[in-house]
Amino acid sequence: MYNSQLTVFVCVADCGSFTKAAEKLFISSTSVMKQINSLENHLGLKLMERTNQGIHLTEAGKVIYKHAKYLFDYSQKAIEEARQKMEIYETTFCVGTSILNPCKPFMDLWYQVNKNFPGYKLHIVPFEDDHESILSEIAALGEKFDFLVGACDSEQWLNHCNFQQLGTYQHCVAVSREHPLAQKERLTIKDLYGETLMMVKRGDSKHVDRIRDEIEQHPEIKIEDTPQFYDMEVFNHCVQTRHVMITLECWKDVHPSLVTIPVEWDYPIPYGLLYCKTPTDDIIKFLKIIERQIQ
């Protein structure tokens, strides 16, 4: 992590002799002198005075010696810290979590199978649900995260990751607590007549596209396209406009001003584990165990 000539320089200074330093370093005296000369030329400084009484450091040499010792100590600490981090990394699953993609389903699985991974720990990594940056978070699987958990049939998401299904969530609708529909326990399509229905635009989610296909058969319902991926601003917009929004049953507690209501339809969407395109052996082992667990 530093110029190897500094090691020779410090050794000569400590030994007070080229010969003694050469013996300690298991190289020739000539090689020691060449490396000192090369270091002095590189720095443009005179570091040592050669006298009949031995080697003495110049004032510049004393400064370089002091900082070289500090550098050696700092480098050793850096290497040790890096080794500790590597040991932690090699025995840790990093799991992403956010408001819309919480890690709880992973945690529930982990405590069923963690006996198969003695010495492993979990590290929870928070991230933001931002419709503009979510794809970069998905692409960080394998680096920032080992796993994310979420509802997923997005073609764009699946271009960046692999997916193992754990189950399904049902599509519902959400409305402001002040909306007239908020008092209903269950809705029909006709309950949405005269409403503006917020949903992601066509083309990325085949399951949402099926809902759109049905809604478009009812011209009494106006469709408003949202950003391709939901974030908190989409939920805020639903509250502020008092529109109706397509949502998932698992998001019922995301926004305290919204009520999630089931609809008389059957449009489930798969949810499960997202992981990188080139998983490590321990991730593959975990996935195989989980696959047996959910069968």
### Task
Residue by residue through the range 252-275, note down the ones that are open to solvent by 40 Å² or more (accessible area, probe 1.4 Å), of a type outside the set (Ser, Thr, Tyr) and closer than 22 Å to Pro102 by Cα.
Lys252, Asp253, Pro256, Pro262, Pro268
### Task
For the range 149-167, indicate whether the set of residues that are of a type outside the set (S, T, N, Q) and within 11 Å of the chain's Cα centre (by Cα) is non-empty.
no
### Query
Restricting the first residue to the range 274-295 and requiring it to be under 21 Å from Trp157 (Cα atoms), which pairs with a second residue that is part of a helix (DSSP H, G or I) and not β-branched (Val, Ile, Thr) meet a Cβ separation below 8 Å and a spacing of at least six or different chains?
Leu274/Trp157; Tyr275/Leu287; Pro279/Leu287
## Note on the structure
Those residues of the range 149-159 which are surrounded by 16 or more Cβ atoms within 10 Å (Cβ to Cβ), farther than 16 Å from Ile283 by Cβ and not hydroxyl-bearing (Ser, Thr, Tyr) amount to Gly150, Ala151, Cys152, Asp153, Trp157
### Message
Quick test of your reading of the structure: Asp204 fulfils all but one of (1) in contact with a helix residue (DSSP H, G or I) (Cβ under 7 Å, 6 or more places away or on another chain); (2) within 18 Å of Ile269 (Cβ to Cβ); (3) surrounded by 19 or more Cβ atoms within 10 Å (Cβ to Cβ). Name the failing condition by number.
### Response
(3)
### Query
Which ones in the range 109-148 are closer than 23 Å to Ile289 by Cβ, open to solvent by less than 50 Å² (accessible area, probe 1.4 Å) and touching a residue at least 40 places away in the same chain (Cβ under 8 Å)?
Leu109, Val113, Phe117, Leu141, Gly142, Phe145, Asp146, Phe147, Leu148
### Query
Which residue pairs have Cβ atoms closer than 9 Å, lie 6 or more positions apart in sequence or on different chains, and pair a first residue in the range 10-22 that is hydroxyl-bearing (Ser, Thr, Tyr) with a second residue that is buried (at least 21 other Cβ atoms within 10 Å of the Cβ) and at pLDDT 85 or above?
Thr19/Val32
#### Entry: Residues that are open to solvent by 20 Å² or more (accessible area, probe 1.4 Å) and either aliphatic (A, V, I, L, M) or in contact with a Ser or Thr (Cβ under 8 Å, 6 or more places away or on another chain) (or both), drawn from the range 170-199
Arg177, Thr196
### Task
Report, by residue number, each residue of the range 17-56 that is basic (Lys, Arg) and under 48 Å from the mean Cα position of the chain (by Cα).
Lys24
### First in the range 255-273 and outside any loop (DSSP other than H, G, I, E, B), second anywhere and open to solvent by less than 30 Å² (accessible area, probe 1.4 Å) and acidic (Asp, Glu), Cβ under 9 Å, 6 or more apart
Ile269/Asp153; Pro270/Asp153
### Message
So in the range 210-230, with the set limited to residues that are of a type in the set (D, E, K, R) and in contact with a strand residue (DSSP E or B) (Cβ under 9 Å, 6 or more places away or on another chain), which one is nearest to Leu135 (Cα to Cα)?
### Response
Asp225
### Task
Answer with yes or no whether Thr241 is open to solvent by less than 40 Å² (accessible area, probe 1.4 Å) and either closer than 13 Å to Gly194 by Cα or among the β-branched types (Val, Ile, Thr) (or both).
no
## Note on the structure
Heads up, the helices (runs of 4 or more DSSP H) in the range 1-82 (entirely inside) with at least 3 residues that are exposed (fewer than 13 other Cβ atoms within 10 Å of the Cβ) are 29-43
### Task
Filter the range 98-108 for residues that are polar (S, T, N, Q) and in contact (Cβ under 8 Å) with a residue 40 or more places away in the chain and give the result.
Asn101
### Query
For Glu291, are the conditions met, namely being surrounded by fewer than 14 Cβ atoms within 10 Å (Cβ to Cβ) and not polar (S, T, N, Q)?
yes
### Query
Taking only pairs six or more apart or across chains, which ones have beta-carbon atoms under 7 Å, a first residue in the range 233-248 that is over 16 Å from Lys201 (Cβ atoms) and among the basic types (Lys, Arg), and a second residue that is open to solvent by less than 50 Å² (accessible area, probe 1.4 Å) and outside any loop (DSSP other than H, G, I, E, B)?
Arg242/Ser176
## Note on the structure
Across (1) of a type in the set (D, E, K, R); (2) farther than 20 Å from Gln156 by Cα; (3) at pLDDT 95 or above, Asp225 clears everything bar (2)
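The values are calculated or read from the model by the stated rules, or taken from the named source; none is laboratory data. Quantities reported herein were computed from a predicted structural model and do not represent experimental measurements. With ideal geometry, Cβ positions are generated from the backbone for all residues, glycine too; neighbour counts draw on all protein chains shown. Surface accessibility is based on the protein's heavy atoms, side chains included, excluding ligands, DNA and RNA. Shrake-Rupley method; radii C 1.70, N 1.55, O 1.52, S 1.80 Å.
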